[in-house]
Every structure is written in structure tokens, then in C-alpha cells.
Amino acid sequence: KVLRKCYESVTKVLQTCYEFSQTQASKAKPTRIIDSKPPTNDTMMKFEQILAAGTLLCVCLQGTHAFTTAANKKHTSWLAPSCSSASKRDTRLHLEGGKLGVKVVGVGSATPQTVLTNVDLESVVETSDEWIRTRTGISQRKVLTHPGRDKAEGEEEEKLSDLALSAAKNALEMANVDAEDLDLVIVCTSSPDDLFGDATTISSGLGCSTSTMSMDLTAACSGFLFGIVTGGQFLNNGAAKKALIVGADALSRWVDWEDRNSCILFGDGAGAAVLTAAESDDEIGLLGYAARSNGASHDKLMVAYNGDPNNVPTAPDPTILSKGKYNCISMDGKEVYKFATREVPRVIKEALDSAEMSVDDVDWLLLHQANIRIMETVASRLKIPMEKVITNLSDYGNTSAASIPLALDEAVRSGKVKKGDVIATAGFGAGLSWGSAIIRWGA
């Protein structure tokens, strides 16, 4: 009876998706679908074998996801899982979900002292202040300088981990949370001071206890968004009660300062947010999320490894290893623009669907601060006026994983974002990776 009920439920989902796909996406024909007629004894025997092999779980999950996707997005048809189709999709990953039992209770940020304006860059590459501003929306950026340079009296050396530490302290102060009470610290960065990671250094600097789990997360410009979702899972399942999520990057270290198309874009900075477990549904501050990646397009934005030969004098013949070295940032700007303006509106809508909300419920749109044209296009496609878009791109440039918390911190401290406001956030960038989280500030 249980098997028959499962069979009927699964096939009902599949048939619903099949019928929906025929009316909404006639060009996308399903390649295979389980028959929805009442099962015969032979069919049930085969189905028992499938269940024994564990395939039923895959079918149920795939069917449920396809049904939800078709009902919400109205542009996907169901393709029953097969080895051939799975191999074609192995670089495209996705994750989405509804409310997580967390609330965002504090934010903080920090930026370097040194400012590079567009006018400053006119003497570095062939460009102009007007050209940069009209194409990117950036007027200046802040950058970390080399630790060996001559410093003015009283000026201290700046490192990325120092900026992250300052941002974290500011967030903890706003949240009124002691570092010793943190169960989890996630540092989202692609440019740490220590190749092995900065999370433990930052935790130690904050005064966290040795029972705090600290780890780095690398997802470039999507990093902070992925960090919020990852941290939220720990709090939602009860493994942690308080978490600190830090986004920090110093991409000025990896920019080709002779490439006028990329050197004008990036700045350095850090931002942080404190999450605590929600005690009731009314307190929940992470209302829905969706995250995606497509490794097949990783070459559109990357910092590739390019090690030099390193001869190790083993006997009888030397062993040629590779000495650590990376290239500068390489980016296909046109492709990244097309990717962002196509996928970001879609993933925001998916996150809103997961939250059982619509664009009309959004008070603020907060995107990764990459390019003003991307933000304008995404806002337009979502039918959100620019007056509801949070941006500080003009003053800081693209700070990668730091951009979302840095902009949120300024918006909260200025009084623009108020307690209870719903913010649709989205990160996107290298990987390629992209995602969205729907946040209720202060909950």
C-alpha cells in the first residue's frame, strides 16, 4: 500500500509537470516520463526494485523540484533523470529554500585610508573621469597600499584581515553581542592575507573562544551572499545560536594596472553581519534564498594559477614542480554583463517565490556593487524604481565579497533602512556564481 501510494503521488507530480510543460513550454519536450496509469503487478515489482536501489528518493526530489519550478517560474519542463542528461548538467548547481530561523541584528564595515579617484587613474591608463563614471558609475575607490611603503607619522600598516577585524567589531557592537558568544565565524574572501585563510586570525583578534568554529568561504563576489545562507543553515538546524559573516576582499592586489577595462573597477574593503537564532516566526529575518553556479563559464571572470617551474634537485634526475603564482584578473566584461542582467532578476524572483513573496513586498533592492548599468538593468527588469536601489558604488567601486555588507551598513547607519524593511539582496560574479537572499532587517 505504501509503495502504491508513493507511486501514485510521484506520477501525479510528473504528470502535472508534463501537462504544464506542454502548455507553457511547447518547444521543450520531455524525453521520458513515468506512466500515470494505475500500476500493474509487473510495474509494482519493477518499482520495488527501483526503491531498493534508492532511485525513488531521486525521483521524488527531482519531481518535487520540477513541479515547484514549473509552477513558480513558468518556463521549465520536466526531464526525467538519466545518465546522459545528468552528465550535461554537472557544472550547473542550484540551491533554494524558504525561511531560515535566523535574524540579522548587526552590520559593520571598514575601508582603507588611501583613495584613488578617476582623475588619479588618468595618469595611469588612457581613460577619463567622465568615461569611467558614465560606463561604470564609479568615481573613486579605496585601496590597500604596500606594507613596505613610507608611512606618515602615526599611520599604521593596513592589511585585509585588519579591515575585516574592524568591520566585525563594528557589527558586534551594533548587535550588542560579545565575541566570546559566537559559535560560528565565516570569512568570505578570495584574496586573504594568508593563503590558508584569515578566519581563525580574525576570530582570535575578536577574542572568540576556542570552541568557535571559524572557516573561510571562497565564492568571489557571491561570497557574502553564500556565507549568509551557509551560516543561516547552522543556526536554523540548532547547531549554532550566534554567527558572524564577514565579506572582505583586496582585489587591487590582483588587478592589471595597465588594463584600463579592469583596473578602473575594483576597490578594497570589508563588511560584516551578525546573525542570531530566531526564537519565533515573527523574528525570522532570512525569508527565502536561491543560489546558482555554472562552472562551464568560469573563464569569463577568473584569476588563474600560473606557477613558475621549480627544480627540486632529487637524484638521479631533478623533479620539476611548480612555484606558486597567479595571473591578474581576467574578465570578459560583455559576457559578465549579459550573464548578470539575465540571471540576477531570475534568481531574485526564485528567492521571492521561496519566501512566498512578490516584488511588491520589497522595500529595498541591494545588489553586488559591480556596475551601475547592471543595477539599472536588473532593477528595470524587476520593475523596481532606482529610488529603492541601495548603492554606494560611486565611492568604493567593486569591493567583491565586501560590497553587499558595506552598502547595507551605510544604509542602516544613515537611517535609510529601518527595522522591519524587506531587502532583496543578490550577489553574482566569478565561478560563475550567483544567488539571492530575501532579508528582513532587524526582524
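The values are calculated or read from the model by the stated rules, or taken from the named source; none is laboratory data. Here the structure is a predicted model, which is why all the values come from computation and not from measurement. Positions of Cβ are backbone-derived with ideal geometry, glycine not excepted, and every protein chain shown enters the neighbour counts. What goes into the accessible areas is simple: the full protein's heavy atoms, side chains included, and nothing from ligands, DNA or RNA. Shrake-Rupley method; radii C 1.70, N 1.55, O 1.52, S 1.80 Å.
Observations
- Qualifying residue in segment 392-411 (condition: hydrophobic (A, V, I, L, M, F, W, C), at pLDDT 95 or above, surrounded by fewer than 24 Cβ atoms within 10 Å (Cβ to Cβ) and farther than 25 Å from ALA219 by Cβ): no
- Condition met for ILE320 (touching a residue at least 12 places away in the same chain (Cβ under 8 Å) and β-branched (Val, Ile, Thr)): no
- Matching residues in segment 304-319 - criterion: being surrounded by fewer than 10 Cβ atoms within 10 Å (Cβ to Cβ) and under 29 Å from ALA220 (Cα atoms): ASP308, PRO309
- Flag if TYR289 is crowded, with 21+ Cβ neighbours inside 10 Å, among the aromatic types (Phe, Trp, Tyr) and touching a residue at least 40 places away in the same chain (Cβ under 8 Å): yes
- Qualifying positions in segment 281-311 - aliphatic (A, V, I, L, M) and closer than 14 Å to THR425 by Cβ: LEU286, LEU287, ALA290, ALA291
- Test for ASP120: is it surrounded by fewer than 14 Cβ atoms within 10 Å (Cβ to Cβ) and at pLDDT 95 or above: yes
- Answer residue from segment 341-372, given it is among the polar types (S, T, N, Q) and open to solvent by less than 20 Å² (accessible area, probe 1.4 Å) and is nearest to the chain's Cα centre (by Cα) among those: GLN369
- A single member of MET375, MET386 is of a type in the set (A, V, I, L, M, F, W, C) and open to solvent by 30 Å² or more (accessible area, probe 1.4 Å), and it is MET386.
- Filter result (crowded, with 21+ Cβ neighbours inside 10 Å and without any contact (Cβ under 8 Å) to a residue 60 or more places away in the chain) within segment 412-429: VAL417
- Residue within segment 216-224 that is open to solvent by 40 Å² or more (accessible area, probe 1.4 Å), of a type outside the set (D, E, K, R) and either in contact (Cβ under 8 Å) with a residue 60 or more places away in the chain or in contact with a Pro (Cβ under 7 Å, 6 or more places away or on another chain) (or both) present: no
- For segment 200-214, the set of residues classified as touching a residue at least 24 places away in the same chain (Cβ under 8 Å) and either under 13 Å from ALA248 (Cβ atoms) or open to solvent by 20 Å² or more (accessible area, probe 1.4 Å) (or both) consists of THR201, ILE202, GLY205, LEU206, GLY207, CYS208, SER209, SER211, MET213, SER214, listed by residue number.
- Qualifying residue in segment 136-149 (condition: over 30 Å from ALA304 (Cβ atoms), touching a helix residue (DSSP H, G or I) at 6+ places or on another chain (Cβ under 8 Å) and either open to solvent by 60 Å² or more (accessible area, probe 1.4 Å) or modelled with pLDDT of 95 or more (or both)): yes
- If you go through segment 242-281 and pick out every residue that is in contact (Cβ under 8 Å) with a residue 12 or more places away in the chain, open to solvent by 10 Å² or more (accessible area, probe 1.4 Å) and not hydrophobic (A, V, I, L, M, F, W, C), you end up with 10.
- SER85 vs. criteria among the hydroxyl-bearing types (Ser, Thr, Tyr), surrounded by fewer than 20 Cβ atoms within 10 Å (Cβ to Cβ) and at pLDDT 85 or above: no
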